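The values are calculated or read from the model by the stated rules, or taken from the named source; none is laboratory data. Predicted model only: the values in this text are computed from it and were never measured. When we count neighbours, we look across all protein chains shown, and the Cβ atoms used for this are built from the backbone with ideal geometry, even at glycine.
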């Protein structure tokens, strides 16, 4: 599932136009946005519960948070368009691994289009549901090291959540309010 940086331009009438810029890497120690973010804020502790907004990750990528968005391309199948805008990323870093909860907004879900590659280059969110959905993943890296690469993908792609991480994610996902746009959210204890 690639994550892509888009330029985002607000249009008259409330819709936004998106123009594809470049692929981003959330995983990895070299150029991975999550590792860099956690390394900057992690205290010397056994675990670290944290939150990064899309704004935080866009800034981590060296782009101006204003006028940009991170879009996840969930399916790259022929004729299928499934694009979701990343709004929030929560992590619970242990010594050697980090489970993640992503909040995404639906831009296009299983939409049939003649040329998905071309459609992804430039589109608007007019008529999109923007429904919030969540995905759980994990990285093979934590507070004491690791490659910070994605966990293996198999016939079941899931993450085993221990009670402390599960309770943290449920509490964050259940919060009604979101941080105001324009500034990074502080790392949480």
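Identify, please: which residue in region 129-155 is surrounded by fewer than 18 Cβ atoms within 10 Å (Cβ to Cβ) and in a loop (DSSP other than H, G, I, E, B) and is, among those, modelled with the highest pLDDT?
For region 129-155, the residue satisfying everything is 144.
Can you find even one residue in region 33-54 that is within 18 Å of residue 95 (Cα to Cα), touching a helix residue (DSSP H, G or I) at 6+ places or on another chain (Cβ under 7 Å) and free of Cβ contacts under 8 Å to residues at least 60 places away in the same chain?
Taking every residue of region 33-54 in turn, at least one turns out to be within 18 Å of residue 95 (Cα to Cα), touching a helix residue (DSSP H, G or I) at 6+ places or on another chain (Cβ under 7 Å) and free of Cβ contacts under 8 Å to residues at least 60 places away in the same chain.
On the basis of being within 23 Å of residue 13 (Cα to Cα) and touching a strand residue (DSSP E or B) at 6+ places or on another chain (Cβ under 7 Å), does residue 132 make the cut? Steps first, please.
On the way: within 23 Å of residue 13 (Cα to Cα): yes; touching a strand residue (DSSP E or B) at 6+ places or on another chain (Cβ under 7 Å): yes.
So residue 132 fits the description; yes.
Name the residues in region 55-72 that are surrounded by fewer than 17 Cβ atoms within 10 Å (Cβ to Cβ) and either touching a residue at least 40 places away in the same chain (Cβ under 8 Å) or under 21 Å from residue 10 (Cβ atoms) (or both), would you?
In the first step, residues of region 55-72 are kept if they are surrounded by fewer than 17 Cβ atoms within 10 Å (Cβ to Cβ); the result is 62, 64, 66-67.
Residues satisfying the conditions are 64, 66, 67.
Here are some conditions: (1) touching a strand residue (DSSP E or B) at 6+ places or on another chain (Cβ under 6 Å); (2) more than 23 Å from residue 59 (Cα to Cα); (3) at pLDDT 95 or above. Residue 93 meets all but one. Which one does it not meet?
(2)
Which numbered condition in (1) within 11 Å of the chain's Cα centre (by Cα); (2) in contact (Cβ under 8 Å) with a residue 60 or more places away in the chain; (3) under 19 Å from residue 159 (Cβ atoms) is the only one that residue 84 fails?
Going through (1) within 11 Å of the chain's Cα centre (by Cα); (2) in contact (Cβ under 8 Å) with a residue 60 or more places away in the chain; (3) under 19 Å from residue 159 (Cβ atoms) one by one, residue 84 breaks only (2).
What's the number of the condition residue 172 fails, among (1) within 20 Å of residue 27 (Cα to Cα); (2) surrounded by 15 or more Cβ atoms within 10 Å (Cβ to Cβ); (3) modelled with pLDDT of 90 or more?
(1) is the only condition that residue 172 fails.
Within region 2-35, how many residues turn out to be closer than 13 Å to residue 149 by Cα and either surrounded by 13 or more Cβ atoms within 10 Å (Cβ to Cβ) or within 17 Å of the chain's Cα centre (by Cα) (or both)? Don't jump to the end; show me each part of the working.
Initially, region 2-35 is screened for residues closer than 13 Å to residue 149 by Cα, giving 25-35.
Next cut, either surrounded by 13 or more Cβ atoms within 10 Å (Cβ to Cβ) or within 17 Å of the chain's Cα centre (by Cα) (or both) only: 25-29, 31-35.
Selection size over region 2-35: 10.
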